[in-house]
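Chemist: Got a structure here, written out as structure tokens. Questions coming.
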Amino acid sequence: MRYLLLICGDDESYQAMLADPGFLPDCEAWAAARGDGLILSGGLEPPADATTVRVRDGETLLTDGPFVESKEIVAGFSIIECATREEAVQAARAHPVARHGTIELRALQP
């Protein structure tokens, strides 16, 4: 089964990641350890650079920035393949972001 790991955090956790000299090497090591079980992973641009798209009554409405103001943002994602939810939880637990931020784990619908 495939799982989505939403990489979340606030400004404080983001600053902690930047200050952690082992963070990026640990992320690379985590990705390498997942091997073929890591389907796709990436970071996202800041919410201030987002465009929100809605269609109402046939009209496309574009808004600069995020849909809602929030203290916590989605900063990245990983899609992993795991045999069980417990294995996915262990993969999320081992992710370096878990030291500073939050990882929301969701199964992808088949």
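The values are calculated or read from the model by the stated rules, or taken from the named source; none is laboratory data. What you see is a predicted model; the values in this text were computed from it and never measured. FYI the Cβ positions are ideal-geometry reconstructions off the backbone, even for glycines, and counts take in every protein chain you see. To get the accessible areas, we keep the full protein, side chains included, count just its heavy atoms, and leave off ligands, DNA and RNA. Shrake-Rupley method; radii C 1.70, N 1.55, O 1.52, S 1.80 Å.
Chemist: Enter the accessible area per residue of the chain (Å², integer; probe 1.4 Å; all protein chains in place).
Modeler: 68
Chemist: Going 7 Å from the Cα of E28 in the Cα-to-Cβ direction, what parts of the stretch 81-97 have a backbone nitrogen less than 18 Å from that spot?
Modeler: Within reach of a label on E28: 95-97.
Chemist: If you place +1 on the Cβ of every Lys and Arg and -1 on the Cβ of every Asp and Glu, how big does the dipole about the Cα centre of the stretch 33-110 come out, in debye to the nearest 20?
Modeler: Roughly 280 debye, rounded to the nearest 20.
Chemist: To the nearest 0.05, how large is the calculated FRET efficiency for E12 and D36 if R₀ is 25 Å and r is the Cβ-Cβ distance?
Modeler: On the way: r = 35 Å, r/R0 = 1.39.
Here the calculated transfer efficiency is 0.10.
Chemist: Using a 1.4 Å probe on the protein heavy atoms, what percent of the accessible area of the chain belongs to carbon and sulfur?
Modeler: 55
Chemist: If R₀ is 22 angstrom, what is the calculated FRET efficiency for the pair T51 and L4, using the beta carbon separation as r and rounding to 0.05?
Modeler: For R0 = 22 Å, the calculated efficiency reads 0.55.
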